[in-house]
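Please read the structure below before turning to the comments.
The values are calculated or read from the model by the stated rules, or taken from the named source; none is laboratory data. From a predicted model like this one, the values you see are computed outputs, not experimental measurements. Every residue, glycine as well, gets a Cβ built from its backbone with ideal geometry; the counts of neighbours run over all protein chains shown. These area figures cover heavy atoms from the full protein model, side chains too; ligands, DNA and RNA do not enter into them. Shrake-Rupley method; radii C 1.70, N 1.55, O 1.52, S 1.80 Å.
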Amino acid sequence: MYAQMVKTDADRVKSLDEMDPQERAFQQRIDAGEKIEPKEWMPEPYRKTLVRQISQHAHSEVVGQLPEGNWITRAPTLERKAILLAKVQDEAGHGLYLYCAAETLGVSRDDLYEQLLAGRAKYSSIFNYPTLSWADIGAIGWLVDGAAIMNQVQLQKTSYGPYSRAMIRICKEESFHQRQGYDIMMKLCAGTAEQKAMAQDAIDRWWWPSLMMFGPSDDASVHSVQSMAWKIKILSNDELRQRFVDQTVPQAEFIGLKVPDPDLKWNEKRQSYDFGEVDWDEFFQVLAGNGPCNRERMASRTRAWEDGAWFREALTAHADKAAKRKATAPIAAE
Amino acid sequence: MTAITVKSGDPLLEFLLRMGDNSLVLGHRLSEWCGHTPVLEEDIAIANVSLDLVGQTQLWLGFAGEVEGKGHSADNLAYLRDAGGFRNFLLVEQPNGSYGQTLMRQFLFDAWHYYMLRRLEHSSDRRIAEIAEKAVKEVTYHLERSVDLVIRLGDGTQESHALMQEALELLWPYTGQMFDADGFDEVAVKAGIMPDPAEIRPDWDAQVTRTLRAATLEIPQEAFSHKVAARSIHTEHLGYILADMQFLQRAYPGATW
Ligand SMILES: [Fe+2]
Ligand SMILES: [Fe+2]
């Protein structure tokens with residue numbers, strides 16, 4: 001999802017008997033629902049996987065500012081502008097909490113960020129799609145933040161303390177994001193024919209990419225089984241996707257939007273929706289850098305980072321000068 | 001809806017539009033940075049300042065609409081006037097340029113804004129005094145932040161020093177306008193609605209001198225100041241701001257969002 005495909009370095013999951021005493025004690029604590037804290041011992045693969053997952057998540061928040069930021073200056077009313085500004089600001093804040101959580105695992109935010117800019121780190125595929133109309137801002141809040149919540153709510157229970165606490169904080173804000181997105185869609189659907197068409201066009205383009213956010217089916221994946229054993233993943237990708245579809249379809253119907261899936265059908269027996277197959281070729285293309293906006297997104301991030309180098313250097317230089325002045329001040333006073 | 005023209009004539013209305021338009025245009029400029037600043041903390045901080053200014057716009061223009069008495073909302077006034085109907089300072093519509101230029105523009109404006117609002121807390125108009133009281137809390141923080149950053153960047157590296165000095169020289173000629181009074185101001189000053197703009201100058205000068213000295217920057221000696229015949233005259237930049245900002249309201253007249 002925000003971390004769509006996290007590799008664990010595992011080729012299979014060890015049983016408790018196969019573990020050495022330290023690792024067994026660690027796994028037993030996780031099994032008992034205890035939280036692991038930064039200073040405590042943890043197996044190296046657990047740490048590495050967490051760094052990957054949390055940093056992918058952080059990068060997604062930060063890149064995720066761009067598609068919505070694209071419409072801030074064109075927001076149609078002062079109130080919508082304020083709400084969108086506050087939302088994009090929240091996403092920057094989420095990025096910050098998550099980088100901080102990752103830093104507790106002994107990596108630096110700058111290093112992680114350099115990896116993103118160098119194209120060595122992933123971020124969610126969803127942010128490589130363009131925002132073409134105001135309705136896309138509604139669709140993102142409703143569908144994309146909605147999908148994010150689906151994933152993040154379960155991660156509040158994740159085994160790593162700082163990650164779990166970041167998720168609890170983030171989830172509160174995400175539900176506000178989803179509501180404001182749905183509110184935009186509701187207004188459009190109650191508006192003129194042109195506005196309604198705008199809303200339909202947005203769901204037509206954002207529906208499938210939103211389902212891709214959960215990642216390909218991972219029931220058979222060793223990475224997923226390992227992540228679940230470590231409780232850094234609680235539900236499978238397919239379970240999350242199903243929950244999302246079940247929650248969202250009635251919301252679409254309520255405001256008169258058609259979900260663009262001819263195979264979508266209520267399954268009375270399962271008490272759940274059956275739905276069509278995601279175009280995984282498209283997903284892998286986007287992941288490989290060939291989505292509609294991958295290059296623009298990375299170029300924007302790189303430009304902001306490079307153009308801002310003088311700023312960051314200046315603040316450091318000033319802090320050094322101030323520290324030096326402070327260090328020499330007592331001598332001067334004597 | 002077709003474009004709205006607000007007839008000049010009432011000094012109170014004119015004053016409210018001037019305050020509202022400054023917040024609106026500068027808030028808009030700052031929002032252009034969202035997601036593109038040099039560091040995540042700045043994305044958050046600049047969005048805060050922008051949000052405050054958008055909120056203040058709603059208060060000033062909301063009141064302006066009431067005073068005008070034609071049923072125009074703050075949104076109507078923001079989204080349906082053409083450039084000639086805007087009364088903001090030339091300073092706030094200047095392009096963002098580098099992040100340093102944006103921060104310098106902000107500092108020069110914040111210093112004016114702060115001392116203006118402090119006086120407006122004592123306006124004879126109770127509503128204005130209330131808006132000022134609320135706004136000054138936010139703007140106190142804006143000014144503190146601007147002062148701090150201008151000092152740190154001016155007295156940072158050689159590169160940052162040069163960049164800030166250049167920004168200062170570029171923007172300086174737009175600062176004089178903030179202290180010029182016209183006929184509307186004179187009536188409003190007499191009625192106790194607002195302070196004499198010239199009265200703000202000594203405080204502004206002192207703040208600017210103090211800050212720039214600490215920043216090791218030099219105050220431009222050039223006395224030249226851009227003068228315009230009326231507040232309706234703008235630089236070329238404002239038209240593009242409005243083309244961006246007003247697009248949806250113009251393309252779908254009368255729709256609600
Ligand atoms: Fe977020
Ligand atoms: Fe969000």
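Can you pull out every residue in the range A:154-175 that is open to solvent by 10 Å² or more (accessible area, probe 1.4 Å), in contact (Cβ under 8 Å) with a residue 40 or more places away in the chain and closer than 17 Å to residue A:64 by Cα?
Residue satisfying the conditions is A:173 alone.
Just to verify a result, which residue in the range A:143-153, among those that are more than 10 Å from ligand 2 (Cβ to nearest atom) and open to solvent by 10 Å² or more (accessible area, probe 1.4 Å), is nearest to the chain's Cα centre (by Cα)?
A:151
Which helices (runs of 4 or more DSSP H) does the range A:250-334 wholly contain that include 1 or more residues that are of a type in the set (Asp, Glu) and touching a Gly at 6+ places or on another chain (Cβ under 9 Å)? Outline the logic, then answer.
On the way: elements: A:280-285, A:294-307, A:309-333.
Because the criterion is at least 1 residues that are of a type in the set (Asp, Glu) and touching a Gly at 6+ places or on another chain (Cβ under 9 Å), the helices (runs of 4 or more DSSP H) in the range A:250-334 that meet it are A:280-285, A:309-333.
Looking at B:236, B:218, can you tell me which residue is in contact (Cβ under 8 Å) with a residue 40 or more places away in the chain, loosely packed, with under 15 Cβ neighbours inside 10 Å and among the charged types (D, E, K, R)?
The match here is B:218.
Go through A:75, A:58, A:32 for me and flag whichever is within 14 Å of chain B (Cβ to nearest Cβ) and more than 16 Å from ligand 1 (Cβ to nearest atom).
Selected residue: A:75, the only one of A:75, A:58, A:32 that is within 14 Å of chain B (Cβ to nearest Cβ) and more than 16 Å from ligand 1 (Cβ to nearest atom).
Restrict the check to the range B:176-194 and report whether at least one residue is closer than 29 Å to residue B:234 by Cβ, aromatic (Phe, Trp, Tyr) and outside any loop (DSSP other than H, G, I, E, B).
Yes.
Inspect all residues belonging to the range B:1-19 and state whether any of them is within 10 Å of another protein chain (Cβ to nearest Cβ) and farther than 19 Å from residue B:146 by Cβ. Give the derivation first.
Taking the range B:1-19 and keeping what is within 10 Å of another protein chain (Cβ to nearest Cβ), we get none.
No, that holds for no residue.
Among what's in the range A:142-186 and is among the small types (Gly, Ala, Ser) and away from ligand 1 (no atom under 14 Å from the Cβ), pick the residue that is farthest from the other protein chains (Cβ to nearest Cβ). Steps first, answer last, please.
First, the residues of the range A:142-186 that are among the small types (Gly, Ala, Ser): A:146-148, A:159, A:161, A:164, A:166, A:175, A:181.
Filter once more, so that each one left must be away from ligand 1 (no atom under 14 Å from the Cβ): A:159, A:161, A:164.
On the way: A:159: 27, A:161: 22, A:164: 22 Å.
Out of the qualifying residues, it is A:159.
Kindly indicate whether residue A:19 is open to solvent by 10 Å² or more (accessible area, probe 1.4 Å), farther than 27 Å from residue B:41 by Cα and in contact (Cβ under 8 Å) with a residue 40 or more places away in the chain.
Details: open to solvent by 10 Å² or more (accessible area, probe 1.4 Å): yes; farther than 27 Å from residue B:41 by Cα: yes; in contact (Cβ under 8 Å) with a residue 40 or more places away in the chain: no.
Judged against the criteria, residue A:19 is not a match.
Taking the range A:81-90 on its own, how many of its residues are surrounded by fewer than 23 Cβ atoms within 10 Å (Cβ to Cβ) and charged (D, E, K, R)?
1
Right, residue B:243: within 14 Å of chain A (Cβ to nearest Cβ), in a helix (DSSP H, G or I), more than 30 Å from residue B:154 (Cβ to Cβ) and modelled with pLDDT of 95 or more or not?
yes
Run down A:229, A:220, A:197, A:202 and say which single residue is among the hydrophobic types (A, V, I, L, M, F, W, C), more than 16 Å from ligand 1 (Cβ to nearest atom), within 27 Å of residue B:256 (Cα to Cα) and surrounded by fewer than 21 Cβ atoms within 10 Å (Cβ to Cβ). If you could, list the steps in order and put the result at the bottom.
Working: A:229 fails: within 27 Å of residue B:256 (Cα to Cα); A:220 fails: within 27 Å of residue B:256 (Cα to Cα); A:202 fails: surrounded by fewer than 21 Cβ atoms within 10 Å (Cβ to Cβ).
It is A:197.
Which residue out of A:48, A:87 is within 13 Å of ligand 1 (Cβ to nearest atom), more than 8 Å from chain B (Cβ to nearest Cβ) and among the basic types (Lys, Arg)?
Values: A:48 fails: within 13 Å of ligand 1 (Cβ to nearest atom).
None of the other options fit; the residue is A:87.
This table checks each residue for (1) farther than 26 Å from residue B:97 by Cβ; (2) within 13 Å of chain A (Cβ to nearest Cβ).
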residue	(1), (2)
B:150	no, yes
B:174	no, no
B:199	yes, no
B:210	no, no
B:251	yes, yes
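Can you give me the number of residues within the range B:47-64 that are within 9 Å of chain A (Cβ to nearest Cβ) and either β-branched (Val, Ile, Thr) or out of contact with any Leu (no Cβ under 6 Å at 6 or more places or on another chain) (or both)?
4
For the range A:172-185, does any single residue satisfy the condition of being part of a helix (DSSP H, G or I) and away from ligand 2 (no atom under 16 Å from the Cβ)?
First pass over the range A:172-185, keeping only residues part of a helix (DSSP H, G or I): A:172-185.
Pick out the ones that are also away from ligand 2 (no atom under 16 Å from the Cβ) and you get none.
For the range A:172-185, residues part of a helix (DSSP H, G or I) and away from ligand 2 (no atom under 16 Å from the Cβ): absent.
So, residue A:104, is that one among the hydroxyl-bearing types (Ser, Thr, Tyr), open to solvent by 40 Å² or more (accessible area, probe 1.4 Å) and at pLDDT 95 or above or not?
yes
Results for (1) open to solvent by less than 10 Å² (accessible area, probe 1.4 Å); (2) within 16 Å of ligand 2 (Cβ to nearest atom), shown as yes or no for each residue.
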residue	(1), (2)
A:62	yes, yes
A:92	yes, yes
A:112	yes, no
A:123	no, yes
A:132	no, no
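Restricting to the range B:156-173, name every residue that is open to solvent by less than 20 Å² (accessible area, probe 1.4 Å) and more than 24 Å from residue B:223 (Cβ to Cβ).
B:156, B:160
Would a scan of the range B:142-149 turn up a residue that is among the basic types (Lys, Arg), crowded, with 16+ Cβ neighbours inside 10 Å and touching a residue at least 12 places away in the same chain (Cβ under 8 Å)?
Scanning the range B:142-149 turns up at least one residue that is among the basic types (Lys, Arg), crowded, with 16+ Cβ neighbours inside 10 Å and touching a residue at least 12 places away in the same chain (Cβ under 8 Å).
For the range A:117-138, enumerate the residues that are of a type in the set (A, V, I, L, M) and within 16 Å of ligand 1 (Cβ to nearest atom).
The answer is A:126, A:137.
Which one of these is on the phi > 0 side of the Ramachandran plot, facing another protein chain (nearest Cβ under 10 Å) and assigned to a loop (DSSP other than H, G, I, E, B): B:71, B:35?
B:35
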